[in-house]
Amino acid sequence: MTLAVAAPERLETDRLILRKPVPEDADAIFTRYASDPDVARYMGFPLHRSLDATTAYLERNENEWKKNGAGGYVIESREGRFLGGTGLHVETAHRAATGYVLARDAWGKGYAAEALGALVSVAPRLRIVRLYALTHLDNRPSWRVLEKCGFQREAVLRRHFVFPNLGTSPLDVFLYARIFALEPSP
């Protein structure tokens, strides 16, 4: 499902640049977070055990951008330091999922909230009405970021999501969402 308006390929905040990934980002993604077991613990992707896994992710992400007009972003500092990733994963013309992942040395600095805030600010222009995220019940830092960015905890979804780095059984998750009023069409 394609968005009514394509997402910008680059977003900027006071400290960050969010941009559509390119193939040359594979090594940074792999080494900074995708192959780190501590970082990947509560993620929806399996730990990358080789650069090939990261390259495959980048190919899927490029296809998602082509098909839906949105997808994953890399997060960099304005100085060019690679920090992590986030994204808009379109499900319908008016609903998208989001999430974020940061390299371990980028934790606790407010980058997740700043990156998520950039996505929140662009969502109404893309005619997204519902932006939501799922988080593991034990991932307190993640749900605190969501709450800081105005997301409401709506439910506990029982045995809903498999976190591949925690096992093969579906686990309970918190469902958070942010609802936007549709802006008039231009």
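The values are calculated or read from the model by the stated rules, or taken from the named source; none is laboratory data. No experiment lies behind these values; they were computed from the predicted model shown. As a convention, Cβ positions derive from the backbone with ideal geometry for all residues, glycine included, and neighbour counts pool all protein chains shown. Calculation scope for accessible area: heavy atoms of the full protein, side chains included, ligands and nucleic acids excluded. Shrake-Rupley method; radii C 1.70, N 1.55, O 1.52, S 1.80 Å.
In this structure, the amide hydrogen of Ser35, modeled 1.01 Å from its nitrogen in the peptide plane, lies closer than 5 angstrom to those of His48, counting only residues at least 5 positions away or on a different chain. A simple spin-label model places pseudo-atoms 7 Å from Cα toward Cβ; at Ser121 and Val22 they are separated by 2.4 nm.
The phi torsions of the stretch 132-137, fed into the Karplus equation with coefficients 6.51, -1.76 and 1.60 and a -60° offset, translate into couplings of 9, 8, 10, 9, 4, 4 Hz, rounded to whole numbers, with Gly and Pro shown as x.
Per residue, the chain exposes 51 Å² of accessible surface when a 1.4 Å probe is rolled over the protein heavy atoms with every protein chain present. For Thr13, the shell of other residues with beta-carbons less than 15 Å away shows a net charge of +2, using +1 for Lys and Arg and -1 for Asp and Glu. Compared with the rule-of-thumb size 2.2 N^0.38 Å for a compact globular protein, the stretch 21-90 has a Cα radius of gyration ratio of 1.06. Taking Cα Rg over 2.2 N^0.38 Å as calculated from this structure, the corresponding entry among (i) 1.40; (ii) 1.02; (iii) 0.98 is (iii). Per-residue 3J(HN,Hα) values for the stretch 7-13, derived from phi via the Karplus relation 6.51 cos²θ - 1.76 cosθ + 1.60 with θ = phi - 60°, read 5, x, 7, 9, 10, 10, 10 Hz in sequence order (x marks Gly and Pro). By the combined test of axial Cα extent (at least 15 Å) and Kyte-Doolittle hydropathy (mean at least -1.0), the qualifying DSSP H helices of the chain come to 111-122.
Other residues lying with their Cβ under 9 Å from the Cβ of Ala177 contribute a combined charge of +2, Lys and Arg counting +1, Asp and Glu -1. Per-residue ellipticity at 222 nm computed for the chain from its helices equals -7500 deg cm²/dmol, with DSSP H segments shorter than 4 residues left out and the rest contributing -39,500 (n - 2.57). Descending by average beta-carbon neighbour count within 10 Å, the peptides 97-110, 122-135, 40-53, 150-163 line up as 122-135, 97-110, 40-53, 150-163, the highest first. Near Ala97: Cβ cut-off under 10 Å, other residues only, Lys/Arg at +1 and Asp/Glu at -1. The net charge is +1.
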